[in-house]
1. For the protein assembly as shown, what's the radius of gyration and Dmax over Cα atoms, in angstrom?
2. At what distance in nm do the modelled label points of B:Asn244 and B:Thr299 sit from each other, each positioned 7 Å from its Cα along Cα→Cβ?
3. Less than 11 Å Cβ to Cβ from B:Lys50, Lys/Arg counted +1 and Asp/Glu -1: what total charge do the surrounding residues give?
4. How compact is the range A:2-217 by the rule of thumb for globular proteins, expressed as Cα Rg over 2.2 N^0.38 Å?
5. Which value, in debye to the nearest 20, describes the size of the charge dipole of the protein assembly as shown about its Cα centre when Lys and Arg Cβ atoms bear +1, Asp and Glu Cβ atoms bear -1, and nothing else is charged?
6. Placing +1 on the Cβ of each Lys and Arg and -1 on the Cβ of each Asp and Glu in the protein assembly as shown, which of B:Asn295, B:Ser116, B:Val209 has its Cα farthest towards the positive end of the resulting dipole?
7. Per residue of the range A:180-189, what does 6.51 cos²θ - 1.76 cosθ + 1.60 with θ = phi - 60° give for ³J(HN,Hα)? Whole Hz please, x for Gly and Pro, Karplus curve as stated.
8. Give the calculated FRET efficiency between B:Lys340 and B:Thr369 to the nearest 0.05, with a Förster radius of 45 Å applied to their Cβ-Cβ distance.
Amino acid sequence: MLRTKKLSYWYGNAANKLFDHVDLEFTAGHLYAVVGKSGVGKTTFLSLLAGLTRPSKGVIEFEGRGLAKIGMLNYRKRHVSMIFQTENLFSYMSALDNLLTAMEITEAHHAGDQGYALQQLEQSGIDRRSAQCRVTQLTLEQQQRVAVARTMCCDSQIIVADEPTNQVGQEGAGDILELLQAAAYEQQRCVIVGTKKVEVAKKCDAVVELHQRKFEWL
Amino acid sequence: MSLRKRVFLNVKINKGRSVGLFLVLSMILLFILVGLILEQTAKEAIQRVKSSANATVTLTANREQAFRNITKPKGTQQQLTLPAVRIAVAKKIAAATAVKSYNVSSMTTVKAVSFSAVTETADASATHVSGRKQNTENLSLLGVTRTTSLIAFSSGGSKITQGRALRASDGRTRNIIIEEQLAKKNKLKVGSKISIKSSSQKNISLKVVGIYQGGAPASSLALGQMNTSNTIYAGVETVNQLKNTNGMADSVTFSLKNAVVAKKFVKMASLQLDSSQYVLAADDSVYRALLTPLNNVRTFAKGLLLVSVSLGTIILTIIVAAIMSKRRAEIGILLSLGEKRMKIAAQVGSELLLIGLVASVMAVSGGTTLGNLISKQLIQQNSANASSLTIGTAQNQQAENNATTEEVSAQTGTQQGILRQNQQLKTLTVHLSWNTYGKLIVLGSLIIVLAVLIGTAHILFLEPYRFMSR
């Protein structure tokens, strides 16, 4: 589904490469973990997969077509959803409005369907009352749950999550991982999670480590 | 959630930011509106002056040419003869659309028979300087088409206090109007009859139909041969009969509908005249004297508008740029969801337009009053300067005693005309028209669009990743 071909990335000077000649493949129905130490380039790699930035060299292909060909905007809109560590949501909206907005922008199949959005929120552990609250009134864990529910609402086949459990307690982290597993196994999506936590990586189907500018399957 | 709802929600939730933007936009729009009202007021004032300021063109004999003619034959002396103006020619010129009305003047000197002229001596110094002795027996009989179109009356210098003014229909009658002092001295009333003797020793009886009050005091007109109280207005034909100059006039004054066309009219009318015999002189001094200060106000208004729009754009751009930096996360999420950059700019622009629309109500309520207040002050100040400048010039000329009676009268008329126009301009109040409100909305929108385009550029052209990597 998603493949990187001789992917390289550097900031400014080509001598300062974050990673070089990366050839990886991610398929639908699997949960992947990308691990590595802090500052090694995990977030940058995940941003490349999410179409938030362009590679310095090499290509990323989605279903055999390069992202440049698909169009970065189109790719982000229709094929990929991203969960960030923090500040995932529109702070001036309620949880429900966040989902409805995302569905409308991405032109999701259920766009405008409030009942569907509420159902997704409930499945992510957000009750109806909390769904109507401004997201700033929710806990960080609840906010991450809303972010996960948002990705579920959109029709994207790929979910890229960067440290989704970082701000969340152990129980909450387990719930969020379960939701991501459900997205991978039940909805046959390709879920790629960036994490430093070993317990998170252990629950994934495959783990790839970024170490000294090289990726290695563990 | 649609873009429209996002806009409303963002404005509603971020109250502090919205109130701040409301105040800034209100101030910007207020200044723009003041500029617009100022410009509109100046424009309307110019229009008012154009249509109401007295502009006249006088057709008289070409004196210069007449003087040149008498010196032509060497060694021989010739008498100065001024050609009279044919009334028929004047009527032809008066048929032009630019002419509001015309007045034919013919003057002669007569002697009082059944009454006596005002003998009050004029200001001693003036008499001394003029070096001429006043002939108190003489009266001036001035034949006119109608008194209302004379500058002395239309500018408010002279006014009818009893009876009525002379009309065109009084031409062939023996109806006259006399000055208040002359009436008082001889106990004359409306309906009284007086007798005069013409230069051809012919006695004629005239009937008083009106009494007028002279605008200028006799002392200020001491340079002339006559006391102004001894000026009697009569019909042109009556005077021509006494002078044996039927169908002719000393001068013809055309009052124009619009002061702007004075020069054009002179050019057009000159084609119908023999320039060696006649001369046309335009007097649009009131219009000219007021046009400069009004144009100054208009230029100031344009400057204020330009400064308001430019400064407004700069200030708003800085604010938008600062707001965008604070909204990095929100923009990042929108971009990661695949929202178009232009749509994000449109959201920011729509938020500002919404606040701007509310701010325009505030600007309109305050700006209309403020604009009128400032424009009145500016117009009055500038017009007063023009008026005092004109009066100052006139006084200087009188002091130097270089001015002729006609020039002094003309200057007095100009002063009175300016003062009368100033009085009229004082009442000028500009109501906010839809056109001005439309201009305000267009300029306000332009500022917002420019501020959004410039203020968001540095953020919107970044890759979405940059918003997340902090």
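1. Taking only Cα atoms of the protein assembly as shown, I get Rg and Dmax of 45.5, 139 Å.
2. Going by the 7 Å Cα→Cβ label model, 5.9 nm.
3. Around B:Lys50, the charge tally is +1.
4. Dividing the Cα radius of gyration by 2.2 N^0.38 Å gives 0.99.
5. With Lys and Arg at +1 and Asp and Glu at -1, about 3080 debye.
6. So the residue we want is B:Ser116.
7. Running phi through 6.51 cos²θ - 1.76 cosθ + 1.60 with θ = phi - 60° gives 5, 5, 4, 4, 6, 7, 7, 9, 6, 9 Hz.
8. Efficiency at R0 = 45 Å is approximately 0.55.
Every number in this text was worked out from the coordinates using simple rules, so none of it is lab data. Computed from a predicted structure; not experimentally measured. Note that each Cβ is placed from the backbone with ideal geometry, even for glycine, and that neighbours are counted across all protein chains shown.
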